[in-house]
Amino acid sequence: MLVRRLAADLDFGLEIDVAPTVRELDGLALSSRNTFLQGDDRRAALALSRALRTVEQAWRGGEAEPGPLARRGLEVLRAPGVAPEYLALVDEQMRSVARVDARTVVLVAARVGKTRLIDNVVLGRAWRMTSPCERELAQAV
């Protein structure tokens, strides 16, 4: 969304297609930063995707107030070995929302060890996990 807005603001004449984040089978967002995560840090990093899932599940269960949703997500994000930076619920223009809906984006950032990780999910979109073959191809690029 941020890239889409940047492309429009700079009049690049491009159409940016926003797609779900590609994830490892355990839910961790596929990222080159994952190579810095070993052992306990790798396991701790799963708190980011668990926090996003927690918010999504609460929203699908009927909660639409951003405060309670953010608190639930932060409870999960505050896992051992994780230093949360933020969890935000925003609209497509990156503004805080007064009420959460299917277009709301949940953003998280945290430090795990020395690695800063970010992740996000659009609540109304499905999660996409990668197969081992897809992961191998992505890492080769």
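Does Ala64 count as more than 16 Å from the chain's Cα centre (by Cα), surrounded by 13 or more Cβ atoms within 10 Å (Cβ to Cβ) and of a type outside the set (D, E, K, R)? It is true that Ala64 is more than 16 Å from the chain's Cα centre (by Cα), surrounded by 13 or more Cβ atoms within 10 Å (Cβ to Cβ) and of a type outside the set (D, E, K, R). Taken over segment 1-39, residues that are charged (D, E, K, R) and over 18 Å from Asp119 (Cα atoms) amount to 4.
Cβ-Cβ contacts under 6 Å between residues 6 or more apart (or on different chains), taken from a first residue in segment 49-65 that is farther than 17 Å from Val82 by Cα to a second residue that is surrounded by fewer than 20 Cβ atoms within 10 Å (Cβ to Cβ) and of a type outside the set (A, V, I, L, M, F, W, C), are listed as Ala58/Arg72; Ala64/Arg99. Apart from one condition, Leu77 fits all of (1) in contact (Cβ under 8 Å) with a residue 60 or more places away in the chain; (2) surrounded by 13 or more Cβ atoms within 10 Å (Cβ to Cβ); (3) hydrophobic (A, V, I, L, M, F, W, C); the exception is (1). So, Asp41, is that one farther than 25 Å from Val3 by Cα and either touching a Pro at 6+ places or on another chain (Cβ under 6 Å) or of a type in the set (Asp, Glu) (or both) or not? So Asp41 fits the description; yes.
Given the residues Ala58, Ala83, Ala45, which is the only one that is within 18 Å of Ala110 (Cα to Cα) and either buried (at least 17 other Cβ atoms within 10 Å of the Cβ) or in contact with a helix residue (DSSP H, G or I) (Cβ under 6 Å, 6 or more places away or on another chain) (or both)? Every option except Ala45 fails the conditions. Of the residues making up segment 1-35, those that are assigned to a helix (DSSP H, G or I) and farther than 22 Å from Val76 by Cβ number 10. When Ser31 is tested against (1) more than 17 Å from Ala109 (Cα to Cα); (2) among the hydroxyl-bearing types (Ser, Thr, Tyr); (3) surrounded by 13 or more Cβ atoms within 10 Å (Cβ to Cβ), exactly one condition is not met: (1).
Checked against the criteria, Ala58 does not count as modelled with pLDDT of 95 or more, more than 24 Å from Gln93 (Cα to Cα) and not acidic (Asp, Glu). Applying the criterion of being closer than 17 Å to Arg71 by Cβ, part of a strand (DSSP E or B) and in contact (Cβ under 8 Å) with a residue 40 or more places away in the chain to the residues of segment 95-120, the residue that is farthest from the chain's Cα centre (by Cα) is Ala110.
The values are calculated or read from the model by the stated rules, or taken from the named source; none is laboratory data. None of these values were measured; they are calculated from a predicted model. We place every Cβ from the backbone using ideal geometry, glycine too, and count neighbours over all the protein chains shown.
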